[in-house]
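The next block holds one structure in the form of C-alpha cells; read it before the comments.
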Amino acid sequence: MKKRELIFVLALIFVSAAVLCGSVSAEENRTFVDDLGREVTLPVTIDAVSPSGPLAQIVLYSLDQDLFVSLASKFTADQEKYVDSRLLTLPVTGQFYGTKSTMNAEEIMELNKDLNIDIVLDIGQVKKSMVEDLNTIQSTTGVTFAFVTQDKLADIPESYLTLGKLLNREERGQELSTYVSNLLTEFDTGMTKVGDNKVSMIYVTSVDGNSVHMIGSGNNSYHGEVINYLADNLAGAAVTSSGLGDEYTMEDVLTLNPDYIIVAYDTNHSYFNAIMTGDAWKSLSAVKNGKVYESPYGPYSWMGNPPSVHRLLSMIWLGNLFYPDVFDYNVEDKVKEYYSLFYKYNLTDAELDELMIYAKADTTTNAAASPIPIAGILAGLCAASVFTILRRK
C-alpha cells in the first residue's frame, strides 16, 4: 500500500472513530428541562442522587431508596427503624436553602470525587433567586442541579411524573402519581359532601405554660393546608412561615373553644399531657368530650413539618376522624397501604397501635376523664339490690 493510500485509510479510520465516539457520547447523555425552565444535561442512566434538603430527601426516598449516595441530613433515632440501613452510613452533603442551610460547594466537589453524583435534586417552593442560585453552584461544582416543584397538595401528582422522567424511573413515578391523584379526588368528593358542615379545630404545635403555638389559617398558610382544607381552623391568619406556627396565649385559646384539638407529637407526649391534665384547658369542649388527639410520628409527623407527601397521612387520618360517615374506610388499612407504597415498610398491628396511641377515635386513651362503663354501674346496682334483699331476710 502506498504511503498516500495508508494516510487516507488511517484518516478515514480516525474520522469514523471520532464520529462513533461522538455518537456513543450523545447516547449516554440527555437534556432535561426542570421546573425552573433550566435545561440540564444528564446521563441516560441515573444511579447517584444527592438531595438538597429535607423535602427532596423525603420525596426521593419514596421514589427510589437505592438512588441515594448522600443525605441532606442524618436520620434521627426515631426515624431509623423505617429506613433502609444502607442510608444510615451515607455522608451528609447538607441543605442548600433555608435557615438551616449547610451545603458547601467545596465539600460537594470533594465528596463528588468518590460519589460521582449524577444530580443534586431540589424539591419545594419556587423562590425568586433559584435560577441564578442553582446555575451558580452548578458551574462552581461541576455537578448538575435540578429543581422540581412540590408546594401545594395539588402539585404532588405532577411532581412524581416529573421526577420519574428526570431520574429515569417513569413507571414508579406514575405509580405514586396515580395513588395521590386518586386520593385527592376521593377527598375532593368527600369534602363537597361535607360542604359548610366542617368541624372546628386548632392545631397546637407546642405548649409552654401560658404560651401556646398554633398553625394559622388562610390560603398563605403553607403548613396549614391540610387542616384548612378539612376543617374550620379557628387560629388566626398565619403570620410566620415557620412550622412552629404563631404564638398565642391561653386566654386566646379559651375564646376559640374548638370541637377538636390536634396536638403535635413530642417526646413523652408532653404537649398532649399538658392539655389533658392542665387546669387551664379543662373547660374547653374538646377536652371535656375527649376530642383531643396527638398526631402520629414516624418516620415524620403526619401533620407535616416539613410539609411534604406524608401530609397525605394526616388527610387519611383526620378525614375519617372528623367525618366517619363520609370517609368510611378502615384507617389502619389505609395507613398500612401508604407505608408499604411510600416507605417500603410493612407496619405490624403493634407498630400501628404505638404510632396512633393518642390518635384513635375508638379508644379512651384520649378522654379527659374515662367515664365509668354503664355495664359496670348496672352490675353494681344489681349487686347492691341483692345484698339489701338478703339482709332483710
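Brief remarks on what is shown
- Estimated inter-spin distance, residue 237 and residue 151, nm [label 7 Å along Cα→Cβ]: 1.8
- Shape class of region 307-363 from the alpha-carbon gyration tensor: oblate, with a/c at 1.5 or above and b/c at least as large as a/b.
- The listed peptides 182-188, 144-150, ordered by packing as a protection proxy, come out as 144-150, 182-188 (highest mean of other Cβ atoms within 10 Å first).
- For the peptides 89-96, 192-199, 46-53, residues were scored by their other Cβ atoms within 10 Å and the scores averaged per peptide; the highest-first order is 46-53, 89-96, 192-199.
- Each pair of Cα atoms in region 104-177 enters the Kirkwood radius, and Stokes-Einstein at 25 °C and 0.890 mPa s then converts it into a translational diffusion coefficient of 182 µm²/s.
- HN-Hα J in Hz across region 129-143 - Karplus 6.51, -1.76, 1.60, θ = phi - 60°, x for Gly and Pro: 8, 4, 4, 5, 4, 6, 5, 5, 6, 5, 5, 5, 8, x, 10
- For a label point 7 Å along the Cα-to-beta-carbon line of residue 269, residues of region 314-341 with backbone N under 20 Å: 314, 317-318, 321-322, 331-332
- Computed FRET value (nearest 0.05) for residue 279 with residue 125, which takes r as the C-beta separation and R₀ as 45 Å: 0.65
- Contact order normalised by residue count of region 35-168, Cα under 8 Å, 6+ apart, percent: 30
- Between region 112-126 and region 258-306, the alpha-carbon center distance in angstrom: 37
- Karplus-derived 3J(HN,Hα) values for region 64-71, using 6.51 cos²θ - 1.76 cosθ + 1.60 with θ = phi - 60°, are 6, 4, 6, 7, 5, 10, 7, 10 Hz; glycine and proline are entered as x.
- Protection-proxy order for peptides 28-41, 165-178, each taking the mean of Cβ atoms within 10 Å per residue, highest first: 165-178, 28-41
Quick note: the coordinates plus some simple rules give every number you see, no bench work behind them. Values in this document were obtained by computation on a predicted structure and should not be read as measured data. Cβ sites come from the backbone with ideal geometry, for glycine too, and all protein chains shown count toward neighbours.
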